[in-house]
Amino acid sequence: MPDRGGGPTGPRIRVGRPSRRARTLLMTLGVLAVLAMAFVMFAGFWTDWLWYRSVEYSSVFTTTLWTKIGLFFVFGLLMAAAVGVNIWLAHRLRPPLSAMSMEQQSLDRYRMGIAPYKKWILIGITALVGLIAGASASGQWRTWLMWVNGVPFNQKDPEFGLDVSFYAFDLPWYRFLLGFGFAAAVLSLIAAAVTHYLYGGLRVTSPGARATGAATGHLSVLLGVFVTLKAVAYWLDRYGLAVKSSDFKATGNWTGLRYVDANAYLPAKTILFCIAAICAVLFFATLWRRTWQLPVIGFGLMVLSAILIGGLYPAIVQKFQVEPNEQAKEAPYIRENIKATRDAYGIDGAQVKDYSGKGKTAPEGDAKEAQRKEADAQASYRMIDPNVVGPTFDQLQRERKYYQFPSTLDVDRYKDADGKEQDTVIGLRELDLDGIPKRNWINDHFTYTHGFGAITAKGTGTDPKADPAGAPEFTESGLPTKGQFDKQKYEQRIYYGEKTSQYSIVGGPQKELDYEADGEQTTSYKGDSGVNLSNPINRAAYAVSFSEPQIMYSGAIGEGSRILYNRTPKERVEAVAPWLTIDGDAYPAVVDGRIQWIVDAYTTTNGYPYASRTTLGDTTADSLTAANNQRAVVAQQNQVNYIRNSVKATVDAYDGKVKLYEWDEKDPVLKTWMKAFPGTVEKKSDISAELREHMRYPQDLFKVQRELLTRYHVQNPAQFYSGSDVWQVPDDPTNKDKNSVPPYYLSLKMPDQKQQKFSLTTTFTPNGRPNLGAFMAVDADATSDEYGTIRVLNVKSDVPGPQQVQSELNGDPEVAEFVRNLRGTDSDIVYGNLLTVPFNNGFLYVEPVYVKGGSANYPLLKKVGVSYNREVVFKNSLAEGFDAVFGQQAEDGTEPPPTDPGDTPPSSDPTVKEALQDAQDALEAGEKALQKQDWKAYGDAQKDLQEALQRAADAEAAAGDDKNDKNDKNDKGGGNADKEGGDAADEEGGGGSA
């Protein structure tokens, strides 16, 4: 080892400061690192500004930015000043060093250590707390904007007589200020106490006085400020009772005052306010008295009062006054909760009417024929389920591997050739990057940039000429598309869509693939969307923001190149209106020669007094959103107790232009945001007539309203308290995951309507029971004068619910035969939407049944189940089903064959006979259980029915296999014990060949 000290064994090696060149290099690297970090921050800011400017909503960006900056600096400086001034004051009030005790002399080395740096330490501490407080305050920009721009509701709460706007806009801001004040007081108190201790103002172990007079006065003032804030908190808590959430056994989730709140907590908060105010005065008085005796006594009294008056007294009132007669005591408050909740969620105008539910069977002759025709006209029965046929659209209309359709399509209304409006299933052919033949940066972002065309199909039936049978009857199809939109010659290119999540660079020297029909067609983007990349600063900023250095130097980018991003409709609307809650289902419409995405948006608050709260993400979940996460209200798990569909937004599928339209012109929350962001929302009158024709009632709002109506359809406090008429949203009987049934768009006639109305419908069952409890429909046609009118039919008789109807359908012998014929064909049954339609004082159930598998591995409509007055049939078409249910005579004058299991031709196989007899017994047991409303017995009977039918099917299949083997040996080719029924099923429904 060399001698670093330079002895006789070797040369001296000096270890000193680095050379000037090394220091220069280190400084240069440091500066470059700082500049790089600064440019990364600048790139994020600059690209955001460029994007907002490109969509013409730069005012949203600037308003939000300046509000955040203002709050950051104001509250950051206030917090820094509060802590810094108190540290400086504590240092200024320090006692002379000669008066220090032995305890304090031991801290001398700490004082000596920080003495040269105390100025910088003070600056560092104040800067740190200021940065933290400022960052926290900047997150309250929504609260600030709502407070400063608040518009009155012109509705007063029943307890304090204050406008609802006080709770929605003012109280949240006051609570933030109070929380900030508490934080400033506590941090200042801690900082001052530490400084006093460090410089001798406070003593812990030394004998004699524990604090100097200056320290006592300083700390008592800070404690006085803290207690004063506590007094203010008690006063605000009085108003907070009107929006307080609590558990109430009558409702579960409760918001607002109850008897104990009005008669115990409210006076307790007032008393505690007075005690805290007196206690604060005692703390301030120590400036003159220089003793802690009275303030400590006052503070102890305040704590004891908080325990006795604020906790024990309300518990006594609840136990001995409320619980012995809770229903009578809570009745006035339940009435206010019902009224406020119905108003806050827009269900106060719901028309709830009693409905028999027992359908009338027409007598023979003309009346029966008239009933049959009436059933046809009752609704446009949608056989093409948009939740099922997405893969069918994808297989039959995808055309190229790099296109795709969403798994869930949308329902809209378009006019047919006769000018009659019909329910239509629509889906856009969007880009699918996974289907690109060769994946690379150029192909992903320059060549394959857009989808192409809107595909539509009639919602009421299949194409009789289609091959394979059961496919939708397309009214707009092909590539490019042709059909019902030919007269419009609409722009078919789709640069913005639900599936378009990657960025694209268009309009430059690199050509885009347009479509491949008769040869490859190319195009170059002509729209004015996106951000221009001709500027090298813009290119550098996007290269950093997207972590894609090729954007800086790629030759595919040149004059006219524009970058498109934030391309889903939901992303774009959320960005330009961050104060809105977005519906989970954006849907496309061809309007004025363009494809427009229509997006419903909501204004919400959780500050509506007395209105019960709900969690949006949970309330809007159902079997459809569980299977398709893109349809859920993503990241919207916040609680609200007021919601309005106040804005309808559109996003152009070609140029991405976003427009916000004021839909609810009376909503005070929307008016508040329009004051905060003037010029961003257009008037309702600016919506074109053609666009309005495609607007509809939003699903997520409907789901929230139906969830509230399960309990709040009752307006009598006593009945509401007892919970005797509570409904529930049933599980989807066509889905195995036990999620709620989704609402369905359907054109139908309610009992008080003379013609079909495009509606959004759902069913209810009584709580804990499977029979039908109610049916709900809302007028979903935005052009209708009754748009948004909620009609609820309260079923007063024993009517089977959706799950019971599905069970009865599954137990039908024709279904068993249909399933048996599919065995061994690698095909599966897919049940479509179980539609419920009020008809003739009863309910008509219609369910399309699809087959997926075999030669066509996508759903094709093969059968239709129909149920009316507990008669279930399973036929090849809706017309055949209606003929069978309503007893319509066939063309040869004979009645349709009976569908009762007892009339089915018996099998010669003893195992089959025994299984069918067990099935018949299970059916009868289920009927008896339904009459007795014994739901456990009914469930057991359904299980027995399923097991018996499975045994019969297995036995039939085994017998058929044996006969096939014998016939093959005799060279008779394909004989089979079930030939007659099996061939008929194959011929009519295509089940065996699917």
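The values are calculated or read from the model by the stated rules, or taken from the named source; none is laboratory data. The structure displayed is predicted, hence computed values, not measured ones. Don't worry about glycine lacking a Cβ; one is built from the backbone with ideal geometry, like all the others, and counts go over all protein chains shown.
Considering only segment 119-168, state which residues are aromatic (Phe, Trp, Tyr), assigned to a helix (DSSP H, G or I), closer than 21 Å to residue 241 by Cβ and in contact (Cβ under 8 Å) with a residue 40 or more places away in the chain. I'd like the intermediate steps shown before the answer.
Of segment 119-168, the ones aromatic (Phe, Trp, Tyr) are 120, 141, 144, 147, 153, 160, 166-167.
From the residues that got through so far, the ones that are assigned to a helix (DSSP H, G or I) too are 120, 141, 144, 147, 166-167.
Within this subset, residues satisfying the condition of being closer than 21 Å to residue 241 by Cβ are 147, 166-167.
Matches in segment 119-168: 166, 167.
Is it the case that some residue within segment 489-499 is surrounded by 13 or more Cβ atoms within 10 Å (Cβ to Cβ), at negative phi and in a strand (DSSP E or B)? The answer is yes, given that some residue of segment 489-499 is surrounded by 13 or more Cβ atoms within 10 Å (Cβ to Cβ), at negative phi and in a strand (DSSP E or B).
Is it the case that residue 379 is of a type in the set (A, V, I, L, M, F, W, C) and closer than 30 Å to residue 846 by Cβ? Yes. Restrict the check to segment 516-527 and report whether at least one residue is surrounded by 17 or more Cβ atoms within 10 Å (Cβ to Cβ) and out of contact with any helix residue (DSSP H, G or I) (no Cβ under 6 Å at 6 or more places or on another chain). Looking through segment 516-527, at least one residue is surrounded by 17 or more Cβ atoms within 10 Å (Cβ to Cβ) and out of contact with any helix residue (DSSP H, G or I) (no Cβ under 6 Å at 6 or more places or on another chain).
Does residue 771 satisfy the criteria of being assigned to a strand (DSSP E or B), surrounded by fewer than 23 Cβ atoms within 10 Å (Cβ to Cβ) and not hydrophobic (A, V, I, L, M, F, W, C)? It is false that residue 771 is assigned to a strand (DSSP E or B), surrounded by fewer than 23 Cβ atoms within 10 Å (Cβ to Cβ) and not hydrophobic (A, V, I, L, M, F, W, C). Looking across segment 779-802, the residues that are in contact (Cβ under 8 Å) with a residue 40 or more places away in the chain and either closer than 24 Å to residue 458 by Cβ or not assigned by TED's automatic domain parsing to the domain that holds residue 835 (or both) come down to 779, 780, 781, 782, 783.
For segment 554-567, the count of residues that are in contact with a His (Cβ under 7 Å, 6 or more places away or on another chain), surrounded by 14 or more Cβ atoms within 10 Å (Cβ to Cβ), modelled with pLDDT of 90 or more and part of a strand (DSSP E or B) is zero. In the set 315, 350, 344, 328, which member is under 22 Å from residue 247 (Cβ atoms), surrounded by 14 or more Cβ atoms within 10 Å (Cβ to Cβ) and among the hydrophobic types (A, V, I, L, M, F, W, C)? From the options 315, 350, 344, 328, the qualifying one is 344. In the condition set (1) under 45 Å from the mean Cα position of the chain (by Cα); (2) modelled with pLDDT under 85, residue 321 is compliant with all but (2).
Considered as a group, the residues in segment 376-389 that are in contact with a strand residue (DSSP E or B) (Cβ under 7 Å, 6 or more places away or on another chain) and among the small types (Gly, Ala, Ser) include one that is surrounded by the most Cβ atoms within 10 Å (Cβ to Cβ), and that residue is 379. Within segment 448-459, residues that are at positive phi reach partners that are in a loop (DSSP other than H, G, I, E, B) and not basic (Lys, Arg) with beta carbons closer than 7 Å, at six or more positions or on different chains, in the pairs 453/479; 453/480; 453/481; 453/492. For the criterion of being more than 30 Å from residue 741 (Cα to Cα), without any contact (Cβ under 8 Å) to a residue 24 or more places away in the chain and charged (D, E, K, R), residue 400 fails. Any residue at all in segment 44-51 that's at pLDDT 80 or above, closer than 23 Å to residue 679 by Cα and not in a helix (DSSP H, G or I)? No, the conditions are met nowhere in segment 44-51.
Of the residues making up segment 477-487, those that are outside any strand (DSSP E or B) and out of contact with any Lys or Arg (no Cβ under 9 Å at 6 or more places or on another chain) are 478, 480, 485, 486, 487. Looking at 328, 306, just one residue is of a type in the set (A, V, I, L, M) and at pLDDT 90 or above, and that residue is 328.
Scanning segment 233-246 for any residue that is free of Cβ contacts under 8 Å to residues at least 24 places away in the same chain and crowded, with 16+ Cβ neighbours inside 10 Å turns up at least one such residue. The set of residues in segment 268-303 that are small (Gly, Ala, Ser) and modelled with pLDDT of 90 or more comprises 268, 276, 277, 280.
Quick check on my filter: what residues within segment 333-370 are at pLDDT 90 or above, touching a helix residue (DSSP H, G or I) at 6+ places or on another chain (Cβ under 8 Å) and not charged (D, E, K, R)? 333, 334, 338, 341, 345, 346, 347, 350, listed by residue number.
Filter segment 355-375 down to the residues that are of a type in the set (Asp, Glu) and surrounded by fewer than 12 Cβ atoms within 10 Å (Cβ to Cβ) and list them by number.
Selection gives 364, 366.
Residues considered: 828, 798. Of these, the only one that is outside any helix (DSSP H, G or I) and out of contact with any strand residue (DSSP E or B) (no Cβ under 9 Å at 6 or more places or on another chain) is 798. The number of residues in segment 516-535 being assigned to a loop (DSSP other than H, G, I, E, B) and of a type in the set (A, V, I, L, M) comes to 1. Per the conditions (1) over 21 Å from the mean Cα position of the chain (by Cα); (2) over 25 Å from residue 587 (Cβ atoms); (3) not β-branched (Val, Ile, Thr), the sole criterion not satisfied by residue 738 is (1). Checking segment 641-651 against the condition returns no match, with no residue being at pLDDT 95 or above and not in a strand (DSSP E or B).
Given the options 341, 361, name the one that is out of contact with any Phe, Trp or Tyr (no Cβ under 6 Å at 6 or more places or on another chain) and either farther than 24 Å from residue 834 by Cβ or in the same structural domain as residue 861 (by TED's automatic domain parsing) (or both). Selected residue: 361, the only one of 341, 361 that is out of contact with any Phe, Trp or Tyr (no Cβ under 6 Å at 6 or more places or on another chain) and either farther than 24 Å from residue 834 by Cβ or in the same structural domain as residue 861 (by TED's automatic domain parsing) (or both). With respect to the stated conditions, residue 177 fails to be surrounded by fewer than 19 Cβ atoms within 10 Å (Cβ to Cβ) and touching a residue at least 12 places away in the same chain (Cβ under 8 Å). The residue list 740, 722 contains one member that is out of contact with any Cys (no Cβ under 8 Å at 6 or more places or on another chain), hydroxyl-bearing (Ser, Thr, Tyr) and under 21 Å from residue 388 (Cβ atoms), which is 740. For segment 703-724, taking the residues that are modelled with pLDDT under 90 and not in a helix (DSSP H, G or I), the one that is nearest to the chain's Cα centre (by Cα) is identified as 723. When 696, 692 are checked against the criterion of being touching a residue at least 60 places away in the same chain (Cβ under 8 Å) and surrounded by 23 or more Cβ atoms within 10 Å (Cβ to Cβ), a single residue qualifies: 696.
Within segment 390-399, the presence of at least one residue that is in the same structural domain as residue 513 (by TED's automatic domain parsing) and of a type in the set (Lys, Arg) is confirmed.
The residue that is surrounded by the most Cβ atoms within 10 Å (Cβ to Cβ), among those in segment 500-515 that are not aliphatic (A, V, I, L, M) and not in a loop (DSSP other than H, G, I, E, B), is 504.
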